[in-house]
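All remarks here apply to the structure that follows.
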Amino acid sequence: MKVFFSRFYAILKGRNLEFFRDKSSLTWSIVFPVLLLVGFALVFSGDGKDQYKVGVLNKPVQLSEDPFLQTKYIEFVDYQDSQRALEKLRQHRLDLLVDYGSNNYWINESSPNGYFMEKLLTGYDVAQSDWQQQTVDGRQIRYLDFVLPGILGMNMMFSCLFGVGYVIVRYRKNMVLKRLNATPVTAFEFLSAQIVSRLMIVMFLSSSVFIGCDFMFDFYMLGSYLDLFIIGLLGAFS
């Protein structure tokens, strides 16, 4: 067992040093996801929406009874679960939430679109309208926050694919595998060391990219960082 770990560690250390000394691969693994993230942020994070989005609870059967529901350029979305609708309002995925059963409406105090939707609903006079105002507060989920998991996952996938599969093919073309065949190293030791090496490198680089980009862009994070790390680890291992 001691001999096994000794050979395993030698290959693991050699593969790690090989990667970090390859400046082109190291730079590509770090710079590419950041550039992709910045590019998507610049292209898709604009405010060029051509319509508003309003959530509706207890929608009336006769839509003609309410002129607000006939307004053009507004997308009305029916909801049965008020908590789910309120969560979307907090995240700026809805501009306004109206409940026709209780004559209440909710706006996000930090949403400019919510302000205009409130004025349209109440006729610019909140005090004289039949609607009762309720407020929520929450941070907007940007396109940048939405696309981040996909970019990190794609980067991990390609890193694992080219960092293990392509490297072994390159070893074969360079006759490295034939040389290793003359050593006491077994195929299991060689492959396991390659996999563990790539797993360590991918998790280190992905964590570095996430932390660096989070420092620059301040991502919207829901949930546990530990859960995120475990999911990333399982994905990279797969």
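The values are calculated or read from the model by the stated rules, or taken from the named source; none is laboratory data. No experiment lies behind these values; they were computed from the predicted model shown. Cβ atoms come from the backbone with ideal geometry, glycine included; neighbour counts cover every protein chain shown. Please note that ligands, DNA and RNA were not included when accessible areas were found on the heavy atoms of the full protein model with its side chains. Shrake-Rupley method; radii C 1.70, N 1.55, O 1.52, S 1.80 Å.
A few remarks follow.
- Beta carbons closer than 8 Å, at least 6 apart along the sequence or on distinct chains, pair a first residue in region 76-96 that is over 22 Å from residue 146 (Cα atoms) with a second that is among the β-branched types (Val, Ile, Thr) for 76/54; 76/56; 78/56; 79/56.
- Selection count where residues are in contact (Cβ under 8 Å) with a residue 12 or more places away in the chain and surrounded by 13 or more Cβ atoms within 10 Å (Cβ to Cβ), scope region 162-185: 5
- Flag if residue 159 is surrounded by 17 or more Cβ atoms within 10 Å (Cβ to Cβ), on the phi < 0 side of the Ramachandran plot and either in contact with a Lys or Arg (Cβ under 6 Å, 6 or more places away or on another chain) or of a type in the set (S, T, N, Q) (or both): yes
- Checking residue 190 against (1) in contact (Cβ under 8 Å) with a residue 60 or more places away in the chain; (2) under 32 Å from the mean Cα position of the chain (by Cα); (3) open to solvent by less than 80 Å² (accessible area, probe 1.4 Å), the condition it does not meet: (2)
- Where residue 224 falls short, out of the listed (1) farther than 29 Å from residue 10 by Cβ; (2) surrounded by 13 or more Cβ atoms within 10 Å (Cβ to Cβ); (3) of a type in the set (Ser, Thr, Tyr): (2)
- Qualifying residue in region 89-105 (condition: in a helix (DSSP H, G or I), open to solvent by less than 20 Å² (accessible area, probe 1.4 Å), touching a Phe, Trp or Tyr at 6+ places or on another chain (Cβ under 9 Å) and at pLDDT 85 or above): yes
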